[in-house]
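Asks: Have a look at the structure that comes next, please.
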Amino acid sequence: MPPTYGRHPLLIPSGFVFAVMVFFTALQVNAEDREFDFTIEERKIRVAPDLEYQVFAFNGQVPGPLIHVKEGDDVTVHVANNTTLPHTIHWHGQYQRHNLTSSGDASNWKMDGVPGVTQKAIEPGDTFTYKFRAEKAGSTWYHCHVNVSEHVGIRGMWGPLIVDPAKPTKLEKKVTRDVIMMLSSWDSDYAEKLGSGGGPRDRTNYFSLNGRSFPLTQPINVRKGDVVRLRMFGAGAEIHAIHTHGHDMLITHKDGSPLPAPYYVDTILIGPGERYDGIVEMNNPGIWMVHDHVDPHVTNNGKHGGGTMTVIAYEGLSPVVKDDPHTMLPNDDPDFYYSESMKQPHGMHNNDHFKGMPLQGEGRRERRKVQHETH
Ligand SMILES: [Cu+2]
């Protein structure tokens with residue numbers, strides 16, 4: 001009589017269940033606990049040559065620090081609000097499905113960072129701890145959710161949360177260099193007035209890439225043969241149409257998720273909150289403009305030759321006209337696009353070049369005076 005155990009109806013599903021358990025146990029073994037400290041500070045950053053701007057800055061910098069983890073990691077972020085107004089942090093894209101809180105009521109949605117809905121805002125001088133599983137992979141991000149039109153729209157309260165997928169696509173495995181580009185805008189009327197602005201009738205007049213307007217942006221330095229992934233974030237309230245000269249981008253991911261049918265573009269429209277990943281093969285040596293094709297967005301306060309603009313610069317090439325302002329970008333921050341940090345081990349990465357200057361109490365005094373006048 002032949003052995004029957006292989007065909008036993010119960011053995012097949014239990015073998016399957018065992019395989020699934022092994023698979024998920026393997027995932028759990030790889031997942032790690034990540035714990036970070038955030039402060040929120042009142043700082044002043046130089047957005048453009050003629051614009052200093054008061055911001056609420058995560059760890060004192062705009063953009064905020066890069067958080068780079070793996071899918072399945074459990075992330076804990078302790079936040080201390082050192083500013084004079086309340087804030088929260090929303091982890092944009094994360095599902096908050098796994099209960100990691102100690103309350104035991106299976107309610108990780110209370111980690112979603114929405115004031116009045118999931119928590120009381122973190123008051124000045126207070127602290128709050130967020131815990132969540134990085135379940136959604138890809139280009140996700142974080143931002144304040146208090147008075148969003150001001151704090152996120154014009155005060156720099158945003159940063160990248162990059163989650164490496166457990167199973168990367170074939171296309172993304174080819175990437176040799178990550179370039180994080182966070183797009184936002186500014187209104188010089190409110191540069192010195194924390195706690196104001198962001199209204200629907202306001203007009204933004206400065207536009208930026210990682211918080212800097214041309215010519216304070218940095219070149220995207222590449223070598224022939226590099227496969228660069230542009231991770232583009234609509235961090236502010238405007239739409240942006242990012243155009244790469246001389247190169248197509250293969251759009252592979254939208255809002256962190258891989259697209260079933262990636263497509264080629266040379267211009268990609270990015271709305272508020274959206275993220276697109278565009279993979280670019282660096283196969284065309286030259287110095288090439290990369291800019292926002294919404295025309296007013298390449299101006300600084302109405303003057304052309306500013307805004308959301310940079311260049312892809314291949315190694316070893318010099319601009320045709322040496323002193324042309326279009327190619328005279330500073331080249332002093334190799335981590336301007338977090339490209340270097342993305343090569344480092346997982347964790348939280350600050351960038352000192354993004355740090356703002358302390359306000360020396362001027363923001364505080366200004367507001368007290370305003371309050372006094374209204375009495
Ligand atoms: Cu805020």
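Asks: Amide H of Lys70 versus every other amide H placed in the peptide plane: which residues, excluding those fewer than 5 positions away on the same chain, fall under 5 Å?
Replies: Asp164
Asks: Okay, next question. Listing Ile40, Ile251 from the residue with the fewest other Cβ atoms within 10 Å to the one with the most, what is the order?
Replies: Working: Ile40 26, Ile251 19.
Listing Ile40, Ile251 from fewest to most nearby Cβ atoms yields Ile251, Ile40.
Asks: Could you order peptides 276-282, 313-319 by the average number of other Cβ atoms within 10 Å of their residues, highest first?
Replies: Ranked by mean Cβ neighbours within 10 Å, highest first: 276-282, 313-319.
Asks: Run through the DSSP bridge list for the chain and note the antiparallel percent, rounded to the nearest 5. Working shown, then result.
Replies: Numbers: 68 of 91 bridges.
Taking every DSSP beta bridge with both residues in the chain, the antiparallel ones total about 75 percent.
Asks: Separation between the Lys173 and Leu269 pseudo-spin-labels, each 7 Å from Cα along Cα→Cβ, expressed in nm?
Replies: 3.5
Asks: Still on this structure, please answer the following. Can you tell me the FRET efficiency between Asp126 and Asp74 if r is taken as the Cβ-Cβ distance and R0 is 25 Å, rounded to the nearest 0.05?
Replies: Details: r = 24 Å, r/R0 = 0.94.
My answer for the efficiency is 0.60.
Asks: When Rg is the radius of gyration of the Cα atoms in the chain and Rh is its Kirkwood radius, what does Rg/Rh come to? Write down the numbers at each step before the final one.
Replies: Numbers: Rg = 22.9 Å, Rh = 22.1 Å.
The Rg/Rh ratio comes out at 1.04.
Asks: In sequence order, what are the phi-derived ³J(HN,Hα) couplings for region 75-81 according to the Karplus relation 6.51 cos²θ - 1.76 cosθ + 1.60 with θ = phi - 60°, rounded to whole Hz, with x for glycine and proline?
Replies: Once rounded to whole Hz, the list reads 10, 10, 10, 8, 10, 10, 8.
Asks: Next up: Whole number please: convex hull volume per residue, Cα atoms of region 30-164, in Å³. Present the calculation step by step, with values, prior to reporting the outcome.
Replies: Values: hull volume 13.5 nm³, N = 135.
It is 100 Å³ per residue.
Asks: Another one. For a quick protection proxy, order the peptides 291-304, 329-342 by their average other-Cβ count within 10 Å, most packed first.
Replies: Working: 291-304: 16.8, 329-342: 18.6.
Sorting 291-304, 329-342 by mean packing, highest first, produces 329-342, 291-304.
Asks: Which ³J(HN,Hα) values in Hz, rounded to whole numbers, follow from the phi angles of region 227-236 under the Karplus curve 6.51 cos²θ - 1.76 cosθ + 1.60, where θ = phi - 60° and Gly and Pro get x?
Replies: 10, 9, 9, 7, 9, 9, 10, x, 8, x
Asks: If I take every Cα pair under 8 Å that is 6 or more residues apart in the chain, average their sequence separation and divide by the length, what percent do I get for the relative contact order? Don't skip to the end; give the middle numbers.
Replies: Values: 894 pairs, mean separation 68.7, N = 375.
Dividing the mean separation by the residue count of the chain yields 18 percent.
Asks: Run the simple label-point estimate for Lys355 and Asp50 please: 7 Å along Cα→C-beta, distance reported in nm.
Replies: Roughly 3.0 nm, to one decimal.
Asks: Taking Lys193 as the anchor, which aspartates and glutamates have their alpha carbon closer than 20 Å to its alpha carbon, excluding any fewer than eight residues away along the same chain?
Replies: Reachable aspartates and glutamates: Glu41, Glu42, Asp50, Glu52, Glu123, Glu150, Asp202, Glu362, Glu366, Glu373.
Asks: How much length is gained if the chain between His304 and Val321 is pulled fully straight, taking 0.36 nm per residue apart and subtracting their Cα-Cα distance, in nm to one decimal? Mind showing how you got there, number by number?
Replies: On the way: separation 17, 0.36 × 17 = 6.12 nm, distance 1.86 nm.
Between His304 and Val321, full extension yields an extra 4.3 nm.
Asks: Order of 218-224, 89-95 by packing, highest average Cβ count within 10 Å first?
Replies: Details: 218-224: 18.6, 89-95: 21.9.
Per-residue Cβ counts within 10 Å, averaged per peptide and sorted highest first, yield 89-95, 218-224.
Asks: Which of rounded, prolate, oblate describes region 225-269, given a ≥ b ≥ c as roots of the alpha-carbon gyration tensor eigenvalues and a/c under 1.5 marking rounded, otherwise prolate only if a/b is larger than b/c? Don't skip to the answer; put the middle values down first.
Replies: On the way: a/c = 1.71, a/b = 1.18, b/c = 1.45.
The shape class here is oblate.
Asks: When only C-alpha pairs under 8 Å and at least 6 residues apart count, what is the relative contact order of region 174-354, in percent? Present the calculation step by step, with values, prior to reporting the outcome.
Replies: Numbers: 406 pairs, mean separation 50.2, N = 181.
It comes to 28 percent, rounded to a whole number.
Asks: Determine the percent antiparallel among the DSSP beta bridges restricted to region 146-304, to the nearest 5. Spell out each step's value before the answer.
Replies: Values: 30 of 37 bridges.
Within region 146-304, antiparallel bridges account for around 80 percent of the total.
Asks: How much length is gained on full extension from Asp295 to Asn283, taking 0.36 nm per residue of separation minus their Cα-Cα distance? Mind dumping the intermediate values first?
Replies: On the way: separation 12, 0.36 × 12 = 4.32 nm, distance 2.77 nm.
Full extension from Asp295 to Asn283 adds 1.5 nm.
Asks: Using a basic spin-label model with each label point 7 Å from the Cα along Cα→Cβ, how many nm lie between Thr84 and Lys193?
Replies: Result: 1.4 nm between the two label points.
Asks: Right, another one. Rounded, prolate or oblate, given the Cα gyration tensor of region 279-358, with a/c below 1.5 counting as rounded? Numbers along the way, then the final one.
Replies: Values: a/c = 1.79, a/b = 1.24, b/c = 1.44.
Since a/c reaches 1.5 but b/c is at least a/b, the shape of region 279-358 is classed as oblate.
Asks: Same structure again: Taking amide hydrogens as modeled 1.01 Å from N in the peptide plane, which residues meet the under 5 Å criterion relative to Ser339, leaving out close sequence neighbours?
Replies: Amide H neighbours of Ser339, under 5 Å, 5+ apart: Ile180.
Asks: Tell me whether region 256-317 comes out rounded, prolate or oblate; compute the Cα gyration tensor, take square roots of the eigenvalues as a ≥ b ≥ c, and use a/c under 1.5 as the rounded threshold.
Replies: Working: a/c = 2.82, a/b = 1.16, b/c = 2.43.
The shape class here is oblate.
Asks: Considering amide H positions built from the backbone, and no H for Pro or chain starts, which residues 5 or more places from Leu259, or on another chain, come under 5 Å of its amide H?
Replies: The list, which skips near neighbours in sequence, is His253, Lys254.
Asks: If you don't mind, there's one more thing I want to ask. Taking the C-alpha atoms of region 174-354, how large are the radius of gyration and the largest Cα-Cα span, Dmax, in Å?
Replies: Computed over the Cα atoms of region 174-354, radius of gyration and Dmax are 16.3, 47 Å.
Where a number appears in this text, it was derived from the coordinates with a stated rule and is not lab data. Computed from a prediction, not measured in an experiment: that's the story for all the values here. All Cβ positions, glycine included, derive from the backbone under ideal geometry; neighbour counts span all protein chains shown.
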